[in-house]
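Undergrad: Mind looking over this structure? Questions follow.
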Protein chains: 2
Amino acid sequence: MQPSHQFDSKLDLSLTRIVDVPRHLVWRAWTEPELLKPWFCPLPWKTVDCEIDLRPGGLFRTTMQSPEGIEFPNVGCYLEVLPDLKLVWTNALLPGYRPSPLTMTCGDENAEFMFTAMIELADHGQGTRYTATVIHADEAGCNKHAAMGFEGGWATALDQLVAMVKRRF
Amino acid sequence: MQPSHQFDSKLDLSLTRIVDVPRHLVWRAWTEPELLKPWFCPLPWKTVDCEIDLRPGGLFRTTMQSPEGIEFPNVGCYLEVLPDLKLVWTNALLPGYRPSPLTMTCGDENAEFMFTAMIELADHGQGTRYTATVIHADEAGCNKHAAMGFEGGWATALDQLVAMVKRRF
């Protein structure tokens, strides 16, 4: 494995939790569309579509739906795929590593900000040590993500993931 | 190897050449700072500094110097490193996959544009089939790169690479 990410508290956000489901099922919940959709958005938001091409340079696409029924598509590119261990993707690139034209948007406070996300999994007893790290370009993006409720949102989604794994397996 | 890049003539630029030096020496010229600096910029520009951390997520940094002595630093991140075969990096990410804050620059016609570059090498007789592909976010970036003289510049640099390899090895 690569050396672990050097965390920068001004630019990065992270969530570490111990969950009582095995690592390979957490991995599957992150990498199979039908296992991702049930948990990926904190309810009452939903993930109504998902497409995964699980390789470096491959597509990671989700469509989130607000309680009012408005759809929000997200497109990213996988960077590292180490099964059951580490998954890295970014929305700064489209599939095939093409820089995202979103990077050209500017002067718009609602413009989507760029980030790279890293999910790392390790054994912890019968369960899993789960670490999610989100890496931003600058403090503004990091602060915006924190204000949007990163920690609560990702923790709730993880709770939903664990509940789904326990229900299905 | 990954499926090869799907070339988009509106967004991408490429250069393919057969060169009469072996593949592994072309690879070394691209991946060892002391072997990169002599050829990387078309003369009379120079590459006065170079730092390479050759792994996915690792740093690729060069400093170019104009004939007037002005220095232009460039920082990118490696994405794929397949020795003697394929090298991919982007300036849309900093090392560790952090989105580049340059993506926030806007309204500035001289703002650096984002690209991903891919060098692919294959045997061709005693020599090498060399393909460089540069992948842009949008037509504006692609057109700007073409107008800057991508094809002539990259071809001249490749000539310098070949001459250096023949001189040194």
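Undergrad: Name the residues of segment B:71-95, by number, that are at least 20 Å² less accessible with every protein chain in place than in the isolated chain; the surface is that of heavy atoms, probe 1.4 Å, without ligands or nucleic acids.
TA: B:Leu79, B:Glu80, B:Ala92, B:Leu93
Undergrad: At a threshold of 8 angstrom on Cα-Cα distance, excluding pairs fewer than six apart, so keeping six or more, what relative contact order does segment B:1-106 reach in percent?
TA: So the answer I get is 16 percent.
Undergrad: Tell me the distances, shortest first, between A:Gln6 and the same position across the other copies, using label points 7 Å along Cα→Cβ, in nm to one decimal.
TA: Distances between equivalent label points, in nm: 3.7.
Undergrad: Among the lysines, which fall within straight-line cross-link reach of B:Lys37, defined as a Cα-Cα distance under 21 Å, with same-chain neighbours fewer than 8 residues apart omitted?
TA: Candidates past the 8-residue exclusion: B:Lys46, B:Lys86, B:Lys166.
Undergrad: Roughly how many Å is it from the Cα centre of segment A:1-80 to that of segment B:4-74, as a whole number?
TA: So the separation of the two Cα centres works out to 34 Å.
Undergrad: Continuing with this model, one more query. What FRET efficiency comes out for B:Phe7 versus B:Phe169 if R0 is 35 angstrom and r is the Cβ-Cβ distance? Round to the nearest 0.05.
TA: Efficiency at R0 = 35 Å is approximately 0.65.
Undergrad: While we're here: Where a Cα-Cα gap under 20 Å defines reach, which lysines qualify for A:Lys144, not counting those fewer than 8 residues away within the same chain?
TA: Straight-line reach from A:Lys144, under 20 Å: A:Lys10.
Undergrad: A:Met114's amide H: which non-local residues (gap 5+, or another chain) put their own amide H closer than 5 Å, with H modeled 1.01 Å from N in plane and none for Pro or chain starts?
TA: Here A:Ala137 satisfy the definition.
Undergrad: Now a separate question. Going from most exposed to least, what order do B:His5, A:His136 have by accessible area with a 1.4 Å probe?
TA: B:His5, A:His136
Undergrad: Okay, next question. What gaps in nm, shortest first, separate B:Met148 from its twins in the other copies when you place the label 7 Å past Cα toward the beta carbon?
TA: Relative to the other copies, B:Met148 has label-point distances of 3.0 nm.
Undergrad: In addition: Assume the label is 7 Å from Cα along Cα to beta carbon: what separations in nm does B:Trp45 have to the matching positions in the other copies?
TA: Counterpart label points of B:Trp45 in the remaining copies fall at 4.2 nm.
Undergrad: Can you give me the long-range amide H partners of A:His124? Hydrogens built in the peptide plane at 1.01 Å from N, cutoff under 5 Å, separation of 5 or more residues or another chain.
TA: Sorted by chain and number, the residues that satisfy this are A:Arg129.
Undergrad: In addition: How far apart, in nanometres, would the label points at A:Met148 and B:Glu34 be if each is projected 7 angstrom from Cα along the Cα-to-Cβ direction?
TA: 4.7 nm
Undergrad: While we're here: Please list B:Ser9, B:Ser66 in order of solvent-accessible area, largest first, computed with a 1.4 Å probe with all protein chains present.
TA: In descending accessible area the options line up as B:Ser9, B:Ser66.
Undergrad: Further question on the same structure: Roughly how big is segment A:15-84's charge dipole about its Cα centre, with Cβ charges of +1 (Lys, Arg) and -1 (Asp, Glu), in debye to the nearest 20?
TA: The dipole of segment A:15-84 has a size of about 160 debye.
Undergrad: Please report, to two decimal places, log10 I(q)/I(0) for chain B at q = 0.13, 0.20 Å⁻¹ as given by the Debye formula with identical point scatterers on the Cα atoms and no solvent.
TA: -0.63, -1.67
Undergrad: Given charges of +1 on the Cβ of Lys and Arg and -1 on the Cβ of Asp and Glu, with all other atoms neutral, how large is the dipole of the protein assembly as shown about its Cα centre, in debye to the nearest 20?
TA: 960 debye
Undergrad: A further question on this structure: At 222 nm, what value in deg cm²/dmol follows for chain B if DSSP H runs of at least 4 each add -39500 (n - 2.57) and the sum is divided by all its residues, to the nearest 500?
TA: -7000 deg cm²/dmol
Undergrad: Relative to the Cα centre, what is the charge dipole magnitude of chain A, using +1 at the beta carbon of each Lys and Arg, -1 at the beta carbon of each Asp and Glu, and rounding to the nearest 20 debye?
TA: The calculated dipole for chain A is roughly 540 debye.
Undergrad: With θ set to phi - 60° and the Karplus curve 6.51 cos²θ - 1.76 cosθ + 1.60, what are the ³J(HN,Hα) couplings of segment B:42-48 in order, to the nearest whole Hz, using x for Gly and Pro?
TA: In residue order, the calculated couplings are x, 4, x, 5, 10, 9, 9 Hz.
Undergrad: Once both labels are modelled 7 Å past Cα along the beta-carbon direction, what's the B:Leu43-A:Asp159 spacing in nm?
TA: Using points 7 Å along Cα→Cβ, the separation is 6.8 nm.
Undergrad: Okay, moving on. Does segment B:53-101 come out rounded, prolate or oblate by the C-alpha gyration tensor, with a ≥ b ≥ c the root eigenvalues, rounded set by a/c under 1.5 and, if not, prolate when a/b is larger than b/c and oblate if not?
TA: Cα axes put segment B:53-101 in the oblate bin.
Undergrad: Taking 8 Å as the Cα distance limit and 6 or more residues as the minimum spacing, I'd like the relative contact order of segment B:21-72 as a percentage.
TA: 25 percent
The values are calculated or read from the model by the stated rules, or taken from the named source; none is laboratory data. Model, not experiment: these values are computed from the prediction. In this analysis, Cβ positions are derived from the backbone assuming ideal geometry, glycine residues included, and neighbour counts consider all displayed protein chains. In case anyone asks, the SASA skips ligands and DNA or RNA and just uses the protein heavy atoms, side chains included. Shrake-Rupley method; radii C 1.70, N 1.55, O 1.52, S 1.80 Å.
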